[in-house]
Structure formats: C-alpha cells, structure tokens
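See below for the structure under consideration.
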Amino acid sequence: MTAPTAAARPAATAEVHRHRLANGLRLLVLPDPGSPAVGLAVAYGVGYRSESRSGFAHLFEHLMFQGSARLGPQEHARHVQANGGVFNATTHRDHTSYFQAMPAEALELGLFLEADRMRAPRITPEAIATQASVVAEEIRRTVTNRPYGGFPTFQLPQVLFDSFANTHDGYGDHASLAAATVAECADFFARHYAPGNAVLAVCGGVDPRQAVELAERHFGTVPARTAATPPDLAEPQLAVPRVLERTDRLAPLPAVAVGRRMPPPGTPGHLAAVVAAAVLGDGESSRLRRTLVRERRLATQVAAVAGLSGPFDSRDPDAFLVNAVCTPDASPRRTARAADEVLTDLAAQGPAEDELRRAVRRLQTAW
C-alpha cells in the first residue's frame, strides 16, 4: 500500500483562534498565510424575529451605513472602495451580518470602520426617510414585482407557526417603516447592538496576534452594555396539517411548497435533516429532481432545503422545505403528494451508501 501524494491529501484544517474582549465582543481569527486579502465580518445576534415592527431590523441594517461616530454618510463605503475592497450586509431571521473584503494591508482600516459604527451610528430623520424608500424599492424589485416573489420563505411560516416573531416577513411595508423615529432606532441599537451580542470574524492573510491587538485597539474602547434577551420563539405542536393558497398574478406556472418543523440546531436530527435535504434536492441526480422532473414530469424545478434561510442559519424553531414549480399539466396537490412519496421512501429505506457519500462531500465542499 502506498501513501497518498501531497496533492491527493486533503488540506489541513486551519486553526481558529478565539479571543474575548473585556466588553464581551467575541473574536474569531482564521489565518490563511500568503493570502493577499482579508475578510472581516461583524455578526450581531439580532434579526427580524427580534423586532416588534415588521421590517425594522432590515431598515436598521441600511441605517448603519448612513454615518457613525466619526464618519459621515456613505464614508464607510468610500473608504472600502478606495482601498479596492467590497462590502455588504444581510439581515437574517436571528442575526444581522456586516462584512467586507479588502487587501491585507487595509485590515486596520476595516476594523476601525466596523468599530466606529458599533460605537455609535449616526441616525437622522432624513436618513430614515431615505432608507425607508430604498427598502420599499427593494421590496418592489425582489418581491411584489417578481414572479414567485418571497415564495416560499415569506408565506410558509404563516402556515407552520403562530407567533408574530415566527410568522411575519423581514421586509415590512413602506408606510410602517417610514414612520420609524430616531428614538426608536436609538432604542433598537442600545438593546441589540451591544459588543457582547456580537461576533467579529477575521480571515485571510492576517497574523492572529496582530488581529487581536488591532481588535483590542479599536473595539476595546466600545463601552460594554447589557443586550436584550433573545425573544421566546417556542411554538405549540401542530395538531393537524395546514394549507395556505394564494394567487400570484406574475407567476407563469403554479408552485407548491411543503414545510415540516426541523429538529433543534445542535442535535443529531438537525444534521441528519441537512444531509437529507442534500440527498433529496442537491444536483441533477438528487431523488426529487430525478423523480418529479425527469421521470414523472410533474415539476420544471424542485428543491429541498433544511432551514428557511438555509442550514445553520436560525435558532429553533425552523423548517425543512420542499418546493417545486409545477408543469402546466400537474396540479400543486399532485406534485406535493409525489414529493411526499419520495420523502417517505427515504425515511423507510435510508440513502444508499454512495448517495450519502456524494451528499456529504457536496456539503463539505460548499461549506
């Protein structure tokens, strides 16, 4: 037996360096020696399941780019772009993430920019009005004026769950968002954007000791404060199946989505559901695509996803989704029954060994 060549061996997993600042901020550093770039992200433990006004967490994400303690509106963006970097932010169900990638030598600039808005965003009535309009246009572009807009992520939670936290969408409406006040924004920032409610991650061409030193220099002076307790998201068990039908005037074909509640994150059942979704819907050879699209011609496209926002993205409760766009001759109910048959077969027999191996490798590659 010969040993594998260096090229055939799997790459070693880089060590994650962990550090906690006195104000509670957690720091993760993943070095990639020789990389000419660094990526850094700050994730706050607040998403749209923590808001009392629909769409507020997403609006606040936009406001975080409108100036900070020592920077004016849009200066954050100009500094990143002037150094050849890119940036963005996303609001999820349970966290909001701000991230940027820059040349390695610009690491300290990136840390300064993120620390400055963690210290104090600059929020004005004019910024709220402007960003509420920007969000309204985003809703029109990605949801209301688009076929299958928001489907099934916005509609399915209304069937699976009961509480406001779990059922409302993360966009809201323009009138409600435009009515937000500076005081409301200041309260939201004070309750949710504390250093102890955030994780700073740095990766790429960075020395871990330097990253810790620079993080202490820029984030260490941000005052500690108590963050709001995460909302209670618990839901009663569903007694019977629920169905919701809606009309989409822009959709050329019917679509169907079936959701089931997932096991809690961190449990073996949760990981099994992630792998099952890959077996069912990932790739041309997946079970759902083979059965519903190629063999029975009940769907033009089909997907299975573990998690409303993807795997490992939300706290409990979350949902396992199967959704499909039907062919012209297939009814949504018939397509849903066929999808259930595929799931039932997988539950009864389990995946074949090579099928399981392919799914796990695809997940490892993606992550």
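Tally time: how many residues in the stretch 179-211 are out of contact with any Gly (no Cβ under 9 Å at 6 or more places or on another chain), open to solvent by 40 Å² or more (accessible area, probe 1.4 Å) and more than 19 Å from Arg122 (Cβ to Cβ)?
4
Could you tell me which residue of the stretch 74-121 is most open to solvent (accessible area, probe 1.4 Å), considering only residues that are closer than 22 Å to Leu25 by Cα and among the acidic types (Asp, Glu)?
Glu108
Only one of (1) assigned to a loop (DSSP other than H, G, I, E, B); (2) open to solvent by less than 80 Å² (accessible area, probe 1.4 Å) fails for Thr291. Which number is that?
It fails just one condition, (1).
Here are some residues: Arg296, Arg260, Arg225. Which one is open to solvent by 30 Å² or more (accessible area, probe 1.4 Å), in contact with a helix residue (DSSP H, G or I) (Cβ under 9 Å, 6 or more places away or on another chain), within 24 Å of Arg26 (Cα to Cα) and touching a residue at least 12 places away in the same chain (Cβ under 8 Å)?
That would be Arg225, the only listed residue that is open to solvent by 30 Å² or more (accessible area, probe 1.4 Å), in contact with a helix residue (DSSP H, G or I) (Cβ under 9 Å, 6 or more places away or on another chain), within 24 Å of Arg26 (Cα to Cα) and touching a residue at least 12 places away in the same chain (Cβ under 8 Å).
One residue is enough: does the stretch 340-358 have a residue meeting the conditions in a helix (DSSP H, G or I) and of a type in the set (S, T, N, Q)?
Yes, the stretch 340-358 contains at least one residue that is in a helix (DSSP H, G or I) and of a type in the set (S, T, N, Q).
Would you confirm whether or not the stretch 32-47 contains a residue that is of a type outside the set (A, V, I, L, M) and closer than 19 Å to Ala132 by Cα?
yes
I need every pair where a residue in the stretch 26-50 that is in contact (Cβ under 8 Å) with a residue 40 or more places away in the chain and among the aromatic types (Phe, Trp, Tyr) has its Cβ under 7 Å from the Cβ of a residue that is open to solvent by 20 Å² or more (accessible area, probe 1.4 Å) and assigned to a loop (DSSP other than H, G, I, E, B), sequence separation at least 6 or different chains.
Close Cβ pairs satisfying both conditions: Tyr44/His95.
Would you confirm, using the coordinates I've provided, whether Leu200 is among the aliphatic types (A, V, I, L, M) and modelled with pLDDT under 95?
no
With respect to Ala304, is the statement that it is in contact with a Gly (Cβ under 6 Å, 6 or more places away or on another chain) and closer than 19 Å to Phe151 by Cα true?
When the stated conditions are applied, Ala304 passes them.
Got a sec? Which helices (runs of 4 or more DSSP H) wholly within the stretch 23-140 have at least 2 residues that are more than 17 Å from the chain's Cα centre (by Cα) and not charged (D, E, K, R)?
Helices (runs of 4 or more DSSP H) meeting the threshold: 75-82, 107-119, 125-139.
Among all residue pairs at least 6 apart or on different chains, which show Cβ distances below 6 Å where the first residue, located in the stretch 160-173, is on the phi < 0 side of the Ramachandran plot and the second is assigned to a helix (DSSP H, G or I) and surrounded by fewer than 19 Cβ atoms within 10 Å (Cβ to Cβ)?
Correct list of pairs: Phe161/Thr167; Thr167/Gln158.
In the stretch 122-159, what residues are surrounded by 19 or more Cβ atoms within 10 Å (Cβ to Cβ) and in contact with a helix residue (DSSP H, G or I) (Cβ under 8 Å, 6 or more places away or on another chain)?
Passing the criteria: Ile123, Ala127, Ile128, Gln131, Ala132, Val135, Ala136, Ile139, Pro157.
Out of the stretch 228-250, which residues are in contact with a helix residue (DSSP H, G or I) (Cβ under 9 Å, 6 or more places away or on another chain), surrounded by 13 or more Cβ atoms within 10 Å (Cβ to Cβ) and acidic (Asp, Glu)?
Glu235
The values are calculated or read from the model by the stated rules, or taken from the named source; none is laboratory data. Computed from a predicted structure; not experimentally measured. Don't worry about glycine lacking a Cβ; one is built from the backbone with ideal geometry, like all the others, and counts go over all protein chains shown. When the accessible area is computed, the model is the full protein with side chains, heavy atoms only, and any ligands, DNA or RNA have been set aside. Shrake-Rupley method; radii C 1.70, N 1.55, O 1.52, S 1.80 Å.
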